[in-house]
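Working notes for the structure below.
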Amino acid sequence: MIRSLLVCALVLAGCEKPAAAVDPQLASEIAGIKAIDNHAHPVRPTPAGEKVDDEYDALPVESLEAASDPIRTRTGSPVLLEAHRAIFGGDKAGAQKTYGQDYAVRVLDQLNIETMLANRVALGPGLPSPRFLWVPFADALMYPLPTDALVHNSDQKQFFALEARLLKRYYAESGVDSKPQTLDQYLDKIVRATLERHKQAGAVAEKFEMAYLRPLSIGNPSKSDADAVYATGNGDYRALQDYIFRFIATECGRLGMAVHFHTGAGGGGYFDVGGSNPMLLEPLFNDPALRKTNFVILHGGWPFTRLETALLTKPNAYLDFSAQTFMNYPHDTAAAIRGWLEYVPEKVMYATDAYPFAPPDNGWEEAGWIANSTGREALGLALTSMLRDNEITRDRAVELAHMVLRDNARKLYGLK
């Protein structure tokens, strides 16, 4: 009996259908759509003799203690080698000399990306609008007091030092020499001034890398508690951080800027994945005082992709599938995308998280190429399976492809 069952199992296994491919017509449609990339870290092209750009992230992950990289991003992986060959025929140095300040724009052209939201400390020459739209960083504003007691590992030690440096820059840009005497003065002269300056410079959102520093569980402390901590340096520092965050989020709503969160897995062996679960953000989405602020869950919160599907019902919650698309394979990402599209499709956005992991062979260009190829294929697989299961018509599949690749982001940020 056991032998018969084993034979039957092997026969059935041999008769299984191969993995579904993307419908050819849909694949062609998806390939032709000029995308809006909701999240990336492009590197600014710099002329010979100029300091190499280092403003592509407030907290660059390459400074962290070594961790185990996903297979697809390891040196020598087939997909990484393919990406390197695909970008200017593998001759990026030659392309940089040829195109100069137009190099980054030419990279977008190769990926069929019309607009890339650039998470950077500053944009600078070579990243022109509207091809690149600015998303600066707001975490540093949450730490007006010394952070020594918050450091628990070598990664945090590096990152809090970087946040202190960025806050010093925000002070200088605000024309303030030292910490204001009261919290109200700090919020007005530093925080509000910085956000308004970012908005005037073209920022469409503020980015929080909070999960690298602390969990995403954000409380709702009283003003008096926050005042006391700011004035004395004693008490619960988290209460002050949370109060400042809520001030920033409220101001972003007033200014028409979205709030972006790094969620899900992150770089470095000390990263707290559980503390980066997007479900921790639900109290923010439910707060009536923050309903005018739109929040974007970056990276699709992987590995919490199924859980966060329900968060899309919140009127001010959106997500993208950046990073998943260079770490994970198309079928894995397609399963997440399908779940989201079956629930609230107008809240789902394409993104790459193009990042210079290990230049020159694994730069933002290769990461962008892998994420773009995988993302478009994953979207095609999700739509194809929905089409074959009679959940949607072909016309609706095409409409959804345009929504994910550009229209949802265009509406969220008020782009033409």
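Just so it is clear, none of the values below were taken in a lab; they were calculated from the coordinates. What you see is a predicted model; the values in this text were computed from it and never measured. Cβ atoms come from the backbone with ideal geometry, glycine included; neighbour counts cover every protein chain shown.
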Beta bridges by DSSP in the chain, antiparallel share as percent, to the nearest 5: 5
Spherically averaged projected area of segment 165-312 from its Cα convex hull (nm²): 9.4
Dipole magnitude (debye, nearest 20) for segment 117-217, charges at Cβ of Lys, Arg, Asp, Glu: 260
Proximal lysines to LYS189, defined as alpha-carbon separation beneath 22 angstrom and excluding residues fewer than eight positions away on the same chain: LYS168, LYS179, LYS199, LYS207, LYS223
Lys, Arg +1 and Asp, Glu -1 on Cβ, resulting dipole of segment 283-383 about Cα centre, debye, nearest 20: 500
Other-chain or far-sequence residues with amide H under 5 Å of ALA118's (modelled H): LEU133, TRP134, VAL135
Within the chain: Cβ-based charge dipole about Cα centre, in debye rounded to nearest 20 (Lys, Arg +1; Asp, Glu -1): 560
Under 24 Å from LYS97, Cα to Cα: lysines that are on another chain or at least 8 residues apart: LYS51
Diffusion constant of segment 237-396 at 4 °C, which comes from Stokes-Einstein with the Kirkwood Cα-pair radius and 1.567 mPa s, µm²/s: 77
Distance between segment 218-246 and segment 280-305 - C-alpha centres, whole angstrom: 21
Peptides ranked, highest mean first, by Cβ atoms within 10 Å: ranges 399-408, 100-109: 399-408, 100-109
Per-peptide average of other Cβ atoms within 10 Å, ordering 127-136, 157-166 highest first: 127-136, 157-166
Relative packing of 370-381, 70-81, which averages over residues the other C-beta atoms within 10 Å, highest first: 370-381, 70-81
Set of aspartates and glutamates near LYS314 by C-alpha distance (under 20 Å), chain-local residues within fewer than 8 positions excluded: GLU206, GLU251, GLU282, ASP287, GLU342, GLU346, ASP407
